[in-house]
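Worksheet: one structure, shown below.
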Amino acid sequence: MLLAASALLLGIPAAATASAASATTGTGWIRLAHLSPNTPAVDVYLYSFGNSNAEIVLHHVAYGTVSPYEEVTAGDYSVAMRAAGASPSSQPVLSTSVTVKAGHAYTVAGMGPESGLRLQVLDDQLTTPPGKSVMRVIQASLKQQTVKFTCGGQTIVPKATFGSVSAYQAIPSGTWTMQAIGSGATATGRWAMEPGTVHTMVVLDGTNGLEIVNLVDAAGAGQPPAGGVTTGFGGTAGHGPGSPAPWLALIGAGALITLTGGFRLRRRGLRRQLTIGS
Amino acid sequence: MPTRKPAAIVFAAGLVVIVAGSVGLLLTRHPTPALRPVAAGVAALPAPTGPIAAPPQSAQPAPVASPVSLTIPLIGVKTQLITLGLTAGGALQVPSTTSVAGWYTGSPRPGAVGSAIIVGHIDSLTGPGVFYRLSELRRGDDAYVKRADGTTAEFRVTSVQTYLKDRFPTQTVYGPTPDAELRLITCGGAFDPATGHYLSNIVVYATEVS
């Protein structure tokens, strides 16, 4: 809901958040994350719906870990979390279902405190306005319940509460200093936001105070070229017979020369006859 | 008597020109058949040796070095990669010679998250170019990009598409992707002798494998 609303605000149709390329191959992407600060490491399982053999298993996923995207066939899946090392056949601590649409990407994250742990499915954006970068903020710090997030001195999220996910926002490309400012701690980092890239900035509890992790959700040509490319001169293409005019002109010229020669021959011949006759 | 000879030579030369013109006319009445691609595998190259780099992580991904060469064993492609930008009109530049391919510097580096764009010619005015056999690639075929730091990224073809240039799907080809992908682009389809251009583009989509 929040995502759709922000997409409208930014003037990006919500449907355009997908990658059109993979829509043609019928696949989407999924990545798994552990963002619950006081929950011990878990094993994360991804099942194709109704199949008891896991398609992907990630072992000992600790707080702050985000897996790379896995390309999966579009369809229904379920994600289960078990305590690290628990038997794959044991009852999961938590599970949720996710429908993967072709050309779409999702983050399935364990969020909230251990007592209220939940699996949240996030629809990840795969488009940017031309020449810009987009970013959203996940606030996963329990020690600093409310955090202000800034980029280049501009406030991106004024009050990010623990366990919240902001909408994506377009930002000008460039290298920016970003800050997560809590009441008792601040984290600062500097990142290059290339045009055509989509980022998720995750605010975590670090060993000392706060930490910011920069996730690259997607990247493309920052300035997409206009149209196709001109990469052929036709040297190997089949081609038509071309104009017959040059050849016809050549035959005409030949006829003219022949006539000239023939005419001269005849004239000499006549003159000789006349000489002999007198 | 000596005046007769030059006239006879002119007469004979005229006949020769007529014959030459007629032969030329007859020979060009049949369209030249297009050169057919050599059978797949004939010019196959060995896959590059050396370590294959892992696909990027989405959290704080390690920087990826610039691409320097491209190998596609199945279709005998082994080329240096030059760098390409945009023309004043905003279109993609193409390599100035038809024997090398180029990487668009405005796209992600091959092996980094995103869709890296590599472009090459199908032919020159006289013969095949570096991507002459690109359309022979099929899902599952491999392409390798070597980077300036000596590492190699391995890509596997996921689909091969032909698009009319006036209906080129810019977002599909150049838009962001969440994993490391490659787009290999050349010309194809019908050739229009009036404009000197092919009417379509062939786009090979590939994804990095670990």
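FYI, it's all coordinate maths here, none of it is from the lab. As the structure is a computational prediction, the values presented were derived from the model and not from experiment. When we count neighbours, we look across all protein chains shown, and the Cβ atoms used for this are built from the backbone with ideal geometry, even at glycine.
Across all Cα atoms of the protein assembly as shown, the radius of gyration (one decimal) and Dmax (whole number) stand at 33.3, 138 Å. Within a straight-line Cα-Cα reach of under 23 Å, A:LYS143 can be paired with the following lysines, leaving aside sequence neighbours fewer than 8 residues apart in one chain: A:LYS159. When Rg and the Kirkwood radius Rh are both evaluated on Cα atoms of region B:136-176, their ratio Rg/Rh stands at 1.09. The alpha carbon centroids of region A:74-95 and region B:108-165 are separated by 39 Å.
Other protein chain C-beta atoms within 10 Å of residue C-beta, averaged over A:145-152: 0.
Look at the alpha carbon pairs under 8 Å that are at least 6 residues apart: their mean separation over the length of region B:37-208 gives a relative contact order of 22 percent. Legend: Rg and Dmax of region A:172-261, from Cα coordinates, 34.2, 109 Å.
For chain B, the share of DSSP beta bridges that are antiparallel, to the nearest 5, is 75%. Considering all different alpha carbon pairs of region A:19-126, the Kirkwood hydrodynamic radius works out to 13.9 Å.
The lysines within cross-link reach of B:LYS146, meaning a Cα-to-Cα straight distance under 23 Å and a gap of 8 or more places when in the same chain, are B:LYS78. Using the alpha-carbon atoms, what tilt in degrees (0 to 90, nearest 10) does helix B:4-27 show relative to the longest principal axis of chain B? Taking the Cα atoms of chain B, the angle to B:4-27 is about 30 degrees. Computed across chain B, the Kirkwood radius stands at 19.6 Å (inverse of mean 1/r, all Cα pairs). Peptide B:5-13 has a mean shielding of 5, counted as Cβ atoms of other protein chains within 10 Å of each residue's Cβ.
Mean projected area of the convex hull spanned by the Cα atoms of chain A, taken over all viewing directions: 26.5 nm².
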